[in-house]
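To start, I am sharing the structure in question, which I have written as structure tokens.
No value in this document is a laboratory result; all are computed from the given coordinates. If you're wondering where the values come from, they're calculated on a predicted model, not measured in any experiment. Cβ atoms come from the backbone with ideal geometry, glycine included; neighbour counts cover every protein chain shown.
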Amino acid sequence: MKLTIIAPYYPPSALPPSQRVRLMMNHFAEYDVVPSIITVKPQFREESEDPWMVELVGSDHEVEYCSVISPKLSRKFGVGDLGLRMLPFLFFKLLRNLKRTKGNFVLYPVPPWYILVIAPIIKWLTGVPYAIDYIDPWVEGGVLPETATLKRKVSQWIAHRLEGWVTKNAAVVFAVSEGINEQLRSRHPELKKEWMFAVPYGAEESDFNQLAIAPRNNSTTLIRYIGAVWDDAYLVLDALLAGLSKVDFEFKAEFYGTSYAGGELAQPQMDRFIHSNKLDGKVIEYPNRVPYKEAVRLNLESDILFLFGGMQSYYAASKLFGLVVSKKPFIAFLHKDSYPALFLSELAYPYVVTYSDNEGDLPKDKVGVLKDRINLIQAEIAKFTPLDTNDHRIQKYTAKGMTASFVLPMKKRCNEGL
């Protein structure tokens with residue numbers, strides 16, 4: 001199968017959409033898939049470059065660069081979205097790619113979501129089927145907050161009107177969690193469940209085996225979280241820090257890459273929660289994203305890691321399997337109906353605290369449980385037993401297993417002669 005992947009974010013980017021595609025690139029050959037990547041040159045993206053990502057993804061595949069409007073120009077008009085900036089050029093680039101490669105499937109990992117606008121049109125012009133991979137939902141769940149900006153309101157207005165069109169014309173719909181698929185079907189009952197698949201983020205264990213980390217010799221426990229902090233997770237973060245403020249041991253907690261923005265646009269997300277929980281000086285936030293290699297190093301150097309989600313049950317936790325294969329102790333604070341919570345429960349992982357959006361079971365109601373669980377994992381660091389990565393339930397979520405979950409449905413649809 002000749003597969004064209006529209007990957008606006010691609011190495012040297014280390015953002016989640018880039019990682020999602022990168023994890024599959026070294027395994028496609030095992031399933032007789034010839035991939036072709038369409039992306040943009042790194043200088044036209046706004047996140048920091050990560051040279052290690054280029055090394056990890058390899059070079060045994062074709063990469064084409066699509067023209068794009070420079071962010072220096074587009075931001076003068078209030079437009080920063082990479083999908084919008086490349087959209088007019090992507091249409092013609094993809095048509096030429098499919099004609100030249102005789103490609104027989106297109107995969108659109110999103111965000112950025114606006115690349116989906118051309119998907120049904122390309123299919124109509126070429127007859128080539130496509131799949132969507134929802135790394136994050138396009139349509140936000142619930143009602144937008146009163147503080148939502150005009151740009152966000154307009155974006156959601158567009159999403160509500162186009163989502164049905166692009167999904168009903170897709171041959172396959174993937175998502176990082178079943179919760180996203182369920183929401184799609186609730187909005188668009190015509191979608192066929194048998195061609196919708198939940199494929200959580202995989203992980204490459206070899207990423208964590210390449211770095212030699214010296215053991216720490218310090219009486220202060222080092223706790224870290226590496227990833228974005230978003231508004232839907234504020235209640236969860238507040239409760240997590242409240243629990244942390246009550247523990248019985250000396251600690252230092254560091255939060256890296258908390259802002260979705262890059263460079264000078266990255267702003268602290270946690271100040272008010274740190275202050276309200278009296279953790280000034282004990283919890284330190286670094287809003288800028290760190291390169292992937294640095295993130296792996298920071299994880300491996302830590303005593304304890306944090307994993308937490310938001311108030312929506314569709315949260316998929318791109319970091320989950322990275323934490324599992326790192327074999328480091330981690331505390332998980334998750335919505336009880338989210339995939340990561342259900343998965344860790346199935347494996348009987350002991351350091352999980354769950355909540356819901358029901359009164360009496362909210363994140364704030366779990367502060368005492370959190371304190372006890374953090375105390376427990378700190379006391380048991382020396383005898384911590386990692387989850388067995390040879391377990392078949394974990395193996396299917398390795399990078400290779402994730403690749404199979406994508407390839408097999410697409411091949412089946414190709415064989416149907418779509």
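For the chain, what does the relative contact order come out to in percent, with C-alpha contacts under 8 Å and a separation of six or more?
16 percent
Continuing with the same structure: Computed from these coordinates, which is volume of the Cα convex hull per residue in Å³: [x] 132; [y] 145; [z] 200?
The value matching this structure is [y].
Let me check against my output: what whole-number percent is the relative contact order of the stretch 143-224, with C-alpha pairs under 8 Å and at least 6 apart?
The value is 24 percent.
What order do you get for 167-177, 267-277 when each peptide is scored by the mean count of other beta carbon atoms within 10 Å, highest first?
Per-residue Cβ counts within 10 Å, averaged per peptide and sorted highest first, yield 167-177, 267-277.
Remind me, relative contact order of the stretch 8-165 in percent, using alpha carbon pairs under 8 angstrom and six or more residues apart?
Relative contact order comes out at 18 percent.
Also, I was wondering about something else. Is the stretch 205-383 best put as rounded, prolate or oblate by its Cα gyration tensor, with a ≥ b ≥ c the root eigenvalues, rounded for a/c under 1.5, and otherwise prolate when a/b is larger than b/c, oblate when not?
rounded
Show the residues, 5+ positions off or on another chain, whose built amide H is closer than 5 Å to the amide H of Ser177.
Under 5 Å from the amide H of Ser177: Val199.
If a paramagnetic tag sat 7 Å from the Cα of Phe89 along the Cα-Cβ line, which residues of the stretch 53-67 would have the backbone N under 15 Å from that point?
64-67, by backbone N distance to the label point.
Provide the gained length on full extension for the span Lys278 to Asp32, in nm with one decimal, where the gain is 0.36 nm per separating residue minus the Cα-Cα distance.
Stretched out fully, the Lys278 to Asp32 stretch lengthens by 83.0 nm.
Would you pull out the residues with amide H under 5 Å of Val40's amide H, same chain only if 5 or more places away, H placed 1.01 Å from N?
For Val40, the qualifying residues are Cys66.
Here is a follow-up. Have a look at Ala399, His335, Val353 and report the one farthest towards the positive end of the charge dipole of the stretch 278-409, computed about the Cα centre with Cβ charges (Lys/Arg +1, Asp/Glu -1).
Ranked along the dipole, the leading option is Ala399.
If you don't mind, another one. Taking the Cβ of each residue in Glu178, Glu146 as the centre, tally the other Cβ atoms inside 10 Å and list the residues starting with the fewest.
Taking fewest neighbouring Cβ atoms as first place, the list is Glu146, Glu178.
Grab the DSSP H runs of the chain that are 4 residues or longer, score each as -39,500 (n - 2.57), total them, divide by all residues and round the 222 nm result to the nearest 500 deg cm²/dmol.
Counting only the DSSP helices, I get -11000 deg cm²/dmol.
Give me, ordered by chain and number, the residues 5 or more places off Phe251 or on other chains with an amide H under 5 Å from its own placed amide H.
Result for Phe251 returns Thr221.
Place a point 7 Å from Cα of His160 in the direction of its Cβ. Which residues in the stretch 114-143 have their backbone N less than 16 Å from it?
Counting only backbone N, you get 138-143.
Hey, quick one: spin label on Leu362, modelled 7 Å out along Cα-Cβ, who in the stretch 229-245 has an amide N within reach, i.e. under 20 Å?
In the stretch 229-245, the label zone of Leu362 (backbone N under 20 Å from the point 7 Å along Cα→Cβ) covers 230-245.
Relative to the Cα centre, what is the charge dipole magnitude of the chain, using +1 at the beta carbon of each Lys and Arg, -1 at the beta carbon of each Asp and Glu, and rounding to the nearest 20 debye?
With Lys and Arg at +1 and Asp and Glu at -1, about 1280 debye.
List the lysines whose alpha-carbon lies under 16 Å from that of Lys151, not counting same-chain residues fewer than 8 positions away?
Cross-link targets: Lys76.
Output the pairs from Lys252/Lys366; Lys193/Lys400; Lys327/Lys396; Lys327/Lys400; Lys41/Lys396 with a Cα-Cα distance over 27 Å in this structure; if there are none, say none.
Listed pairs above 27 Å: Lys41/Lys396.
Using the charge dipole of the stretch 217-279 (Lys, Arg: +1 at Cβ; Asp, Glu: -1 at Cβ; taken about the Cα centre), state which of Tyr256, Thr220, Ile274 has its Cα farthest towards the positive end.
Value: Thr220.
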